[in-house]
Amino acid sequence: LNIGGKLVPLFGIYNNGTQINAQLPFDAPLGFAQAFLVINGNPQTPVSDTEGITVVPANPGIFTTNAAGQGAILIAGLSQTTFAAPSGSIPGSYSQPAAKGQYLTIYCTGLGDVSPRPTPGQGAGSSPLSSAVLPVKVNIGGSVVPATQYDFAGLAPGFVGLYQVNVQVPTSAPTGPTVPLFLLVGGVQSNTVTIAIQ
């Protein structure tokens, strides 16, 4: 895949050749860019129509576990992987409401540039962590979480293009099975998902 004159790392072709997963490099120029498929890395032999894409500093999106919008958000520090969701609501996975004061790990995409930048197509390192350059804020139940309650925002170690935000549930957060949560990255708002808080 050639985007703006650069070959980008591919991670698979799916749905009988109708979907390609690729990573947009961190140094891609902002603004309009042309994208097309090439054969064997030769930009002189495109095999698709040229499409235009717009590259922006950030376009956050939180992953969900279902169509209803339950966030793919884990409760940190537990002995087993546990989603912050109503107990028993995610088939094949552990879930329980998060308690106030617990930390959450929010899995997402589109937080933009990081420092240090990993090699394109390679998983992010863990020492040092690749932290988001733009400011990241979390809104839980209608209120932005205070800056003192953030632990990390950046690339998830060992993964390509997967971001995580670690944040503590405030004592003032509302309770219930579908508390709304969204991110603000450089002033751009993500989709709104839900979590359970007790």
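How many residues does the stretch 187-198 contain that are in a loop (DSSP other than H, G, I, E, B) and open to solvent by 50 Å² or more (accessible area, probe 1.4 Å)?
Number satisfying all stated conditions: 4.
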Practice task
Looking only at the stretch 89-103, decide whether some residue is closer than 23 Å to Asn21 by Cβ and modelled with pLDDT of 95 or more.
Solution key: no
Handout entry: the stretch 33-74: number of residues that are open to solvent by less than 60 Å² (accessible area, probe 1.4 Å), within 27 Å of Gly187 (Cβ to Cβ), modelled with pLDDT under 95 and among the hydrophobic types (A, V, I, L, M, F, W, C)
Key = 4
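Residues checked against (1) under 21 Å from Thr171 (Cβ atoms); (2) surrounded by 15 or more Cβ atoms within 10 Å (Cβ to Cβ):
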position	(1), (2)
Ile90	no, yes
Ser95	no, yes
Ala99	yes, no
Thr105	yes, yes
Cys108	no, yes
Leu111	no, yes
Pro116	no, no
Pro120	no, yes
Gly125	no, no
Practice task
Please determine, by comparing only the residues of the stretch 154-184 that are in contact with a Cys (Cβ under 9 Å, 6 or more places away or on another chain) and not in a loop (DSSP other than H, G, I, E, B), which one is nearest to Gln70 (Cα to Cα).
Solution key: Leu183
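Any idea which of Thr175, Thr171 is touching a Gly at 6+ places or on another chain (Cβ under 8 Å) and either basic (Lys, Arg) or open to solvent by 70 Å² or more (accessible area, probe 1.4 Å) (or both)? Full working, then the answer.
Numbers: Thr175 fails: touching a Gly at 6+ places or on another chain (Cβ under 8 Å).
Going through Thr175, Thr171 in turn, just one is touching a Gly at 6+ places or on another chain (Cβ under 8 Å) and either basic (Lys, Arg) or open to solvent by 70 Å² or more (accessible area, probe 1.4 Å) (or both): Thr171.
The values are calculated or read from the model by the stated rules, or taken from the named source; none is laboratory data. Quantities reported herein were computed from a predicted structural model and do not represent experimental measurements. Please note: Cβ atoms are built from the backbone with ideal geometry, for glycine as well, and neighbour counts cover all protein chains shown. In case anyone asks, the SASA skips ligands and DNA or RNA and just uses the protein heavy atoms, side chains included. Shrake-Rupley method; radii C 1.70, N 1.55, O 1.52, S 1.80 Å.
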